[in-house]
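Engineer: Can you read through this structure? Questions will come right after.
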Amino acid sequence: MDILQIKTETKQYPVYIGSRILHHLASFLTAGGISNLMVIADERVNELHGQTLLQHLPESLEVSVFTVPAGEAAKTLEVYDECMTFAINKGLDRQSCILAFGGGACGDLAGFVAATYMRGIRFVGVPTTILAHDSSVGGKVAVNHKLGKNMIGQFYHPEAVFYDTAFLKSLPLKEVRSGMAEVIKHSLISDEEFYRNLLNNIRSFSTIEPEFLINCLKQGIAVKAGIVANDERENGIRAFLNFGHTYGHALENLGGYKEISHGESVMAGMVFALFLSKRLSCLRFDLSEFIMWAKELGYPLSFSKKYLFEDIYEVMTRDKKAANKIPKFVLLSDIGTPLLKEVSRMDLKEAHDFVSAIKGD
């Protein structure tokens, strides 16, 4: 088991990562003076692994489990209200703790419940997906609004994250692909050697060696931890973690958070941002090679042609990085050198047309 320390101005907490590490969870919870525990669990994850989790929770602790829909369907105000009602009915108090058990969406919801219940109680993350290596670290918790993703949220950190990679073995290929998009993002904004290692060693997501995957996840968490340590509340460089997300979130929103996964949307968003980076930031980068690799790994890219640019642009103007309805984008001047830049509507239209014209996925 490895332990990564996340340090910010307001909080320091450990991320435990390794295979079959849940036996450490009970001692951590009993040492915290917790009155009772509410588990917010992704319904699919709970079906597969719920009993495993319960076997590793302290017998002395009263535990209540509330299941929520899988994926982004969990991040609605309706589900949030149901969680709050359940917590009140179960008598949770300020010494209680929320445990998030599932992927990134479940973690976002559970963290927001913890942040707002009685003005804030403790929570612990037990992520079960590759995608959650990104979302479970850094303290961003939120639910979606019909007009935009993560528009209702808070900065609120967990007490700890227990990232047991044994859960990843049950992930369907689509979820592996979604999570690995965030790993690729971390490499592009941080280090060319990291990126080249992924490019040269991953030709199929069905054949990734477990040890290689764990190392990739640790590198991704370290990249995010380093950025968050210097900009906890996204006043500056933390925005770099949104590389590929402004366009990707717009696609998710227009698809009702159902048609494509978060990571698939972000991959299209990275192609979009790389096109703009070459055009506007003099990035020297083989975009054709990147697109061929993405298609080889199964990422759908041209689905963006389903949506009118005008509709995508309208959603992008509501992005949290936008100012006065002018979208700002994370671009690269080099691999590992991100920057934030306002981009004209004309250039955005050209980038959208480029992504929409990609064939063969």
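The values are calculated or read from the model by the stated rules, or taken from the named source; none is laboratory data. Given the structure is predicted, the values throughout are model-derived calculations rather than measurements. Cβ atoms come from the backbone with ideal geometry, glycine included; neighbour counts cover every protein chain shown.
Engineer: Out of all the residues in the range 114-136, is one or more polar (S, T, N, Q), closer than 21 Å to His262 by Cα, touching a strand residue (DSSP E or B) at 6+ places or on another chain (Cβ under 8 Å) and modelled with pLDDT of 95 or more?
Structural biologist: Looking for residues that are polar (S, T, N, Q), closer than 21 Å to His262 by Cα, touching a strand residue (DSSP E or B) at 6+ places or on another chain (Cβ under 8 Å) and modelled with pLDDT of 95 or more, one finds at least one in the range 114-136, hence yes.
Engineer: On to the next question. Among the residues of the range 128-161, write down those that are crowded, with 22+ Cβ neighbours inside 10 Å and either within 23 Å of Pro172 (Cα to Cα) or without any contact (Cβ under 8 Å) to a residue 24 or more places away in the chain (or both).
Structural biologist: The answer is Thr128, Thr129, Ile130, Leu131, Ala132, His133, Asp134, Ser135, Ser136, Val137, Val161.
Engineer: Starting from the range 89-113, take each residue that is closer than 11 Å to Glu72 by Cα and list its partners that are among the acidic types (Asp, Glu), counting only C-beta distances under 8 angstrom and pairs at least six apart or across chains.
Structural biologist: Gly103/Asp42; Gly103/Glu175; Gly104/Asp134; Ala105/Asp42; Ala105/Glu72; Cys106/Asp42
Engineer: Kindly evaluate Thr52 against the criterion of being closer than 23 Å to Tyr117 by Cα, under 26 Å from the mean Cα position of the chain (by Cα) and of a type in the set (Ser, Thr, Tyr).
Structural biologist: In short, no.
Engineer: Of the numbered conditions (1) at pLDDT 95 or above; (2) farther than 14 Å from Leu276 by Cβ; (3) surrounded by 14 or more Cβ atoms within 10 Å (Cβ to Cβ), Pro338 satisfies every one except a single condition; which is it?
Structural biologist: Evaluating Pro338 over (1) at pLDDT 95 or above; (2) farther than 14 Å from Leu276 by Cβ; (3) surrounded by 14 or more Cβ atoms within 10 Å (Cβ to Cβ) leaves (2) as the failure.
Engineer: Would you mention how many residues in the range 190-208 are β-branched (Val, Ile, Thr) and surrounded by 11 or more Cβ atoms within 10 Å (Cβ to Cβ)?
Structural biologist: Selection size over the range 190-208: 2.
Engineer: Check off (1) at pLDDT below 95; (2) at positive phi for Arg318 and give me the number that stays unchecked.
Structural biologist: (2)
Engineer: Follow-up question, since we're still on this one. Which one of these is in the same structural domain as Lys295 (by TED's automatic domain parsing), part of a helix (DSSP H, G or I), surrounded by fewer than 21 Cβ atoms within 10 Å (Cβ to Cβ) and among the acidic types (Asp, Glu): Glu252, Glu211?
Structural biologist: That would be Glu211, the only listed residue that is in the same structural domain as Lys295 (by TED's automatic domain parsing), part of a helix (DSSP H, G or I), surrounded by fewer than 21 Cβ atoms within 10 Å (Cβ to Cβ) and among the acidic types (Asp, Glu).
Engineer: Against the condition within 20 Å of His157 (Cα to Cα), in a strand (DSSP E or B) and polar (S, T, N, Q), how does Gln5 come out, does it pass?
Structural biologist: yes
Engineer: Sort out which residues of the range 139-159 are touching a strand residue (DSSP E or B) at 6+ places or on another chain (Cβ under 7 Å), in a loop (DSSP other than H, G, I, E, B) and not hydroxyl-bearing (Ser, Thr, Tyr), and write them in order of number.
Structural biologist: Result: Gly139, His157, Pro158, Glu159.
Engineer: Have a look at Val223, Val271, Val266 and point out the one that is in contact with a helix residue (DSSP H, G or I) (Cβ under 9 Å, 6 or more places away or on another chain), in a helix (DSSP H, G or I) and closer than 17 Å to Asn150 by Cβ.
Structural biologist: Sole residue among the options that is in contact with a helix residue (DSSP H, G or I) (Cβ under 9 Å, 6 or more places away or on another chain), in a helix (DSSP H, G or I) and closer than 17 Å to Asn150 by Cβ: Val266.
Engineer: So, in the range 279-292, of the ones that are assigned to a helix (DSSP H, G or I) and surrounded by fewer than 17 Cβ atoms within 10 Å (Cβ to Cβ), which residue ends up farthest from the chain's Cα centre (by Cα)?
Structural biologist: Arg279
Each row is one residue, and each column tells you yes or no for (1) in contact with a Gly (Cβ under 8 Å, 6 or more places away or on another chain); (2) of a type outside the set (S, T, N, Q); (3) free of Cβ contacts under 8 Å to residues at least 12 places away in the same chain; (4) crowded, with 24+ Cβ neighbours inside 10 Å.
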residue	(1), (2), (3), (4)
Ala229	no, yes, no, no
Ala273	yes, yes, no, yes
Ala294	no, yes, no, no
Ser302	no, no, no, no
Lys321	no, yes, no, no
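Engineer: Report, ordered by the first and then the second residue, all pairs with beta carbons closer than 9 Å, sequence separation of six or more or different chains, a first member in the range 27-38 that is in the same structural domain as Cys97 (by TED's automatic domain parsing) and more than 12 Å from Ile121 (Cα to Cα), and a second member that is loosely packed, with under 14 Cβ neighbours inside 10 Å and among the hydroxyl-bearing types (Ser, Thr, Tyr).
Structural biologist: Final answer for the pair search is Thr30/Ser60.
Engineer: Let me ask something additional. Condition check: under 29 Å from Arg177 (Cβ atoms) and surrounded by 23 or more Cβ atoms within 10 Å (Cβ to Cβ). Does Phe101 satisfy that?
Structural biologist: Judged against the criteria, Phe101 is a match.
Engineer: Here's something else I'd like to know. Report the residue count in the range 293-315 for those that are in a helix (DSSP H, G or I) and either over 24 Å from the mean Cα position of the chain (by Cα) or not basic (Lys, Arg) (or both).
Structural biologist: So the count comes out to 15.
Engineer: Shifting gears a bit: Looking at Phe275, Phe309, which one is at pLDDT 95 or above, outside the structural domain of Lys149 (by TED's automatic domain parsing) and more than 30 Å from Ala73 (Cβ to Cβ)?
Structural biologist: Going through Phe275, Phe309 in turn, the sole match is Phe275.
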